[in-house]
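Working notes, beginning with the structure itself.
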Amino acid sequence: MNKKNIINIANKVISTEIEGLKKLSKSINISFAQAVNTINNSKGRIVCCGVGKSAKILEKISSTLSSIGIASFTLDPTDAGHGSLGAICGGDVLIIASFSGNSSELNSILDYAKKNKIKIIGISSNLKSNLIKLSNVKILIPKVAEAGNKHLNMIPTSSSINLLALGDCMAIALATKNKFDKKEFGKLHPSGSIGKNLSDISQIMIARKSIPFVHEDSSLQKTVIKISSGRLGGVVVTNKRKQVCGFISDGDINRAIKKFKNIFLKKSKDIMTKKPTYISNTCMVTEALAIMNRKKITILLVAKNKKLYGLVHMHDILSFLNS
């Protein structure tokens, strides 16, 4: 088989799966909304259960739900019949997926759920299946053509993609309904690049007590010494009421030297930036970096309740993101 034929196979697989997704899109109805509300109103955990490839897809769905703050875990139907049914508690909601809807492995879970009044969201392609019959919320997903030639179209492909997409639809609907945002997502992903990118700037900023200050009437010499001793590349300027009235960076010093002939007669207030750029202490690290790049600056003042709270340097952000 040459490379062109291999590429054609890949394109046909994708085309087949796209057609399956189109059918899924048309099938979304009130039952989907009921499933989302049932999950959202649950007082317990979301227990995902399936057999074969469905079980693997449900692991991802369960993981996605957990990542948006909805407690969820998967339950192996075989283990359920040997004591693991005890993991299901009152208030939990079961999401059970089976394309045939008649997998014998699911019987013990279905029976237990009905006896203990555990709500079931059943997902199947078989309207007359035992799963759909016993479910409180019945989601009928369309039967779709699996990818591959006549010798391979028994491999779950399009059907698996559809189940995964349905789970994603539920997760995004729930996240939107609960106004789940990047901040909340970051709290649940403290490790890795995702957690770092979504971290608040307050986690890496220099606190106010460690920021160098000069009075607006300070001489240039004193200002330069303060900047050098602070090793931040800048200094905050205050007035006689001890209010922040400006900021002086290394760049401001360099520009002043070029601008004024009698530079050593100038005071801090003569060379400072009178309206330095502030960000909120809840600003994300990546947002702060974007502001720096857009304004072509390397230092931002951090405010909390409209008062100076800290300072952050671009080097600190880059070091944090690359660590």
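Values in this text are rule-based calculations from the coordinates and carry no lab data. Computed from a predicted model, the values in this text were never measured in an experiment. Neighbour counts run over all protein chains shown; Cβ positions are idealised from the backbone, glycine included.
For the pair THR78 and SER319, a Förster radius of 51 Å applied to the C-beta separation gives a FRET efficiency near 0.55, rounded to the nearest 0.05. In terms of surrounding Cβ atoms within a 10 Å radius of their Cβ, VAL312, VAL224, VAL302 rank from fewest to most as VAL224, VAL302, VAL312. Volume per residue for segment 201-322 equals 99 cubic angstrom (convex hull of Cα atoms). Taking the centroid of alpha carbons for each part, segment 200-272 and segment 139-180 are 58 Å apart.
Please state the relative contact order of segment 3-180 as a whole percent: Cα pairs under 8 Å, 6+ residues apart? 27 percent.
Net charge dipole, segment 1-135: roughly 460 debye, given to the nearest 20, about the Cα centre with Cβ charges of +1 for Lys and Arg and -1 for Asp and Glu. For segment 195-323, the relative contact order is 31 percent, taking Cα pairs closer than 8 Å that sit 6 or more residues apart in sequence and dividing their mean separation by the residue count. How big is the charge dipole of the chain about its Cα centre, in debye rounded to the nearest 20, if each Lys and Arg gets +1 on its Cβ and each Asp and Glu gets -1 on its Cβ? For the chain, the charge dipole is close to 1720 debye. Taking the DSSP beta bridges with both ends in the chain, the antiparallel portion is around 40 percent. Between the beta carbons of LYS60 and ASN8, assuming R0 = 25 Å, the FRET efficiency works out to 0.30 to the nearest 0.05. Contact order, relative form, for the chain: 14 percent (alpha carbon pairs under 8 Å, 6 or more residues apart, mean separation divided by residue count).
The alpha carbons of segment 1-148 stretch over 56, 34, 34 Å along the principal axes, in descending order.
For the chain, the calculated P(r), taken from all Cα-Cα distances in 10 Å bins from zero up to the bin holding the longest distance, is 5, 20, 19, 14, 13, 12, 10, 6, 1, 0 percent.
With the highest mean first, a sort of the peptides 288-294, 121-127 on other beta-carbon atoms found within 10 angstrom per residue produces 121-127, 288-294. Per-residue ellipticity at 222 nm computed for the chain from its helices equals -13500 deg cm²/dmol, with DSSP H segments shorter than 4 residues left out and the rest contributing -39,500 (n - 2.57). Between the residues SER319, ILE279, SER268, the greatest Cα displacement towards the positive end of the dipole of segment 201-322, with unit charges on the Cβ of Lys, Arg, Asp and Glu, is found for SER268. For the pair segment 11-31 / segment 282-316, the C-alpha centres are spaced 44 Å from each other. Electrostatic bookkeeping for ALA97 treats Lys and Arg as +1 and Asp and Glu as -1; over the other residues with beta carbon under 13 Å from its beta carbon, the sum is +2.
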